[in-house]
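Structure, as structure tokens:
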Amino acid sequence: MIDFTIPAELAAERDRVRAFVADKVVPYERDPRLTSHGPTDELRQELVELARAEKLLTIQAPTALGGRGLTHVEQAVLYEAAGWSTLGPVAMNCAAPDEGNMFLLSKIANPEQTERYLQPVIDGHQRSVFAMTEPDGAGSDPGQLATTATFDGENFVIEGRKWLITGANGAKTWIIMALLGDNPHLPAGPTLFLTDGDRPGIVIERTMNTMDRNYVAGHCVVRFDNLTLPKSALLGEAGQALRYAQLRLAPARLTHCMRWLGAAERAQSIAIDHAKTRTAFGKTLGEHQGVSFMIADNEIALHQCRLTIWHTCWLMDQGEKARHESSMAKSFVSEELFKVADRCVQILGGIGVSDETVVEMIFRDMRPFRLYDGPTEVHKYAIGRKVLR
């Protein structure tokens, strides 16, 4: 039997998260430390302490590491509430890229790596990065990985250049993907490495100017210049990076959907309030059919997106990989929520393109959602191949 009832305890926690974000986090949306390159680490730390005080910090982490071990469905309900502000997930330490990195490390890091690199991220004391995307190599097609690693039996030496590396400035835990060359010691192929962010050989060239500003410290261009790592830096098994990336990406693309659903709901609520009070041509905007239809389209889209997310989460909670369903969810939800944000801008008119409301920021921050963790076209290609197979 299909049951869409949210258990009373989960519903109460959802309401508590929403109240926390609305009352404690939303006021920071005007903080000057929310810069064009995202929140500063100082702002992040202040927000994290607010969540810690409410016992809402990193609630998704495994219970053995201090979290609540949330199911995917529970995450969907609570992350949607956290997404009411783009700073909500930052405060609760369930924002990208840390959320996805914590998930991956909890699955494949060894005990020593867990203690040194994962636990401090879970505790909110440091940030992490996932360095894969390259200007002339890996991106939507990770098979084009150009960053190289050589191994002499004792040390790895990594050379290459990455870009769009989210949160690189100041991050302490680094996951790096590089192509391990042929050697007599380990299998060759795409491999993950785990290291400290201040290690010699990691050169942050610059912070890129992008249209979004919801990720801590923005997105950087990074160069690995004779980056020398001990063999203990190997994360998981050599040659298995693409498999591990899929392990990370299926849940991570869903959590993006959850958080942005909350932000889209916020935009819709602001548009509705405006449509109820703003008048034109003798009546409120909401009384005009064109505006009421946009609000209706938004409501339909929000409902469809929520059900799509919940279904995919349910499958994953049953133990299924749900790669096909998560691809459908990512492509559908990212496109529909962007339409929701766009219609909200339209309903607000002139103030919709200004910072008089948060809708303009949600609109700009949401646009890249259609690209990261696989652009819509890549997901549709994979969906089509599976259907036609």
Exercise. Please enumerate the residues belonging to the range 91-136 that are in contact with a Pro (Cβ under 8 Å, 6 or more places away or on another chain) and open to solvent by less than 10 Å² (accessible area, probe 1.4 Å).
Key: G100, S128, V129
Exercise. Look at L192 and say whether it is farther than 30 Å from E360 by Cα and open to solvent by 20 Å² or more (accessible area, probe 1.4 Å).
Key: no
Quiz item: Which of the residues that make up the range 1-43 are among the β-branched types (V, I, T) and either in contact with a Lys or Arg (Cβ under 6 Å, 6 or more places away or on another chain) or within 27 Å of G167 (Cα to Cα) (or both)?
Solution: V17, V21, V25, V26, T35, T40
Quiz item: free of Cβ contacts under 8 Å to residues at least 40 places away in the same chain and farther than 26 Å from I362 by Cα: does that describe L118?
Solution: no
Self-check item: Checklist (1) crowded, with 21+ Cβ neighbours inside 10 Å; (2) closer than 15 Å to C257 by Cβ; (3) hydrophobic (A, V, I, L, M, F, W, C) applied to L371, failing item
Solution: (1)
Exercise. Counting only residues that are polar (S, T, N, Q), give me the helices (runs of 4 or more DSSP H) lying completely in the range 307-389 with at least 1 of them.
Key: 323-348, 376-388
Quiz item: Can you pull out the residues in the range 239-277 that are over 20 Å from L118 (Cβ atoms) and aliphatic (A, V, I, L, M)?
Solution: L242, L254, M258, L261, A263, A264, A267, I270, A271, I272, A275
Quiz prompt | Selection count, the range 23-36, where residues are within 20 Å of L57 (Cβ to Cβ), open to solvent by 40 Å² or more (accessible area, probe 1.4 Å) and in contact (Cβ under 8 Å) with a residue 60 or more places away in the chain | solution = 1
Exercise. Would you mind finding the one in G170, G201 that is surrounded by fewer than 18 Cβ atoms within 10 Å (Cβ to Cβ) and under 22 Å from D123 (Cα atoms)?
Key: G170
Practice problem: Kindly check whether there is at least one residue in the range 238-253 that is out of contact with any helix residue (DSSP H, G or I) (no Cβ under 7 Å at 6 or more places or on another chain), under 30 Å from G349 (Cα atoms) and assigned to a helix (DSSP H, G or I). | Solution: no
Quiz item: Which residue pairs have Cβ atoms closer than 9 Å, lie 6 or more positions apart in sequence or on different chains, and pair a first residue in the range 182-193 that is more than 16 Å from L145 (Cβ to Cβ) with a second residue that is of a type outside the set (G, A, S) and surrounded by fewer than 18 Cβ atoms within 10 Å (Cβ to Cβ)?
Solution: N183/T150; N183/D152; H185/D152; H185/K231; L186/K231; L186/E237
Quiz item: Take the residues of the range 353-389 that are small (G, A, S) and in contact (Cβ under 8 Å) with a residue 40 or more places away in the chain: which is nearest to L249 (Cα to Cα)?
Solution: G374
Self-check item: Odd one out for V157 among (1) of a type in the set (A, V, I, L, M); (2) crowded, with 22+ Cβ neighbours inside 10 Å; (3) modelled with pLDDT of 95 or more
Solution: (2)
Quiz prompt | Count of the range 274-289 residues which are open to solvent by 50 Å² or more (accessible area, probe 1.4 Å) and not aromatic (F, W, Y) | solution = 8
Self-check item: Total residues in the range 317-331, condition touching a residue at least 12 places away in the same chain (Cβ under 8 Å) and farther than 15 Å from A76 by Cβ
Solution: 6
Quiz item: If you go through the range 207-229 one residue at a time, how many are on the phi > 0 side of the Ramachandran plot and assigned to a strand (DSSP E or B)?
Solution: 1
Exercise. Report the residue count in the range 124-170 for those that are part of a loop (DSSP other than H, G, I, E, B) and among the hydrophobic types (A, V, I, L, M, F, W, C).
Key: 5
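Results for (1) of a type in the set (F, W, Y); (2) open to solvent by 40 Å² or more (accessible area, probe 1.4 Å); (3) in contact with an Asp or Glu (Cβ under 9 Å, 6 or more places away or on another chain), shown as yes or no for each residue.
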| site | (1), (2), (3) |
| --- | --- |
| L302 | no, no, yes |
| Q318 | no, yes, no |
| R323 | no, yes, no |
| S327 | no, no, no |
| K330 | no, no, yes |
| E336 | no, no, no |
| K339 | no, yes, yes |
| R343 | no, yes, yes |
| Q346 | no, yes, no |
Exercise. Can you confirm whether the range 169-187 contains a residue that is in contact with a helix residue (DSSP H, G or I) (Cβ under 6 Å, 6 or more places away or on another chain), polar (S, T, N, Q) and at pLDDT 95 or above?
Key: yes
Self-check item: Condition check for R266: at pLDDT below 95, open to solvent by 10 Å² or more (accessible area, probe 1.4 Å) and part of a helix (DSSP H, G or I)
Solution: no
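The values are calculated or read from the model by the stated rules, or taken from the named source; none is laboratory data. Values in this document were obtained by computation on a predicted structure and should not be read as measured data. So basically every Cβ, Gly included, is an ideal-geometry build from the backbone, and we count neighbours across all protein chains shown. Areas reflect the complete protein model, heavy atoms only, side chains present, ligands, DNA and RNA absent. Shrake-Rupley method; radii C 1.70, N 1.55, O 1.52, S 1.80 Å.
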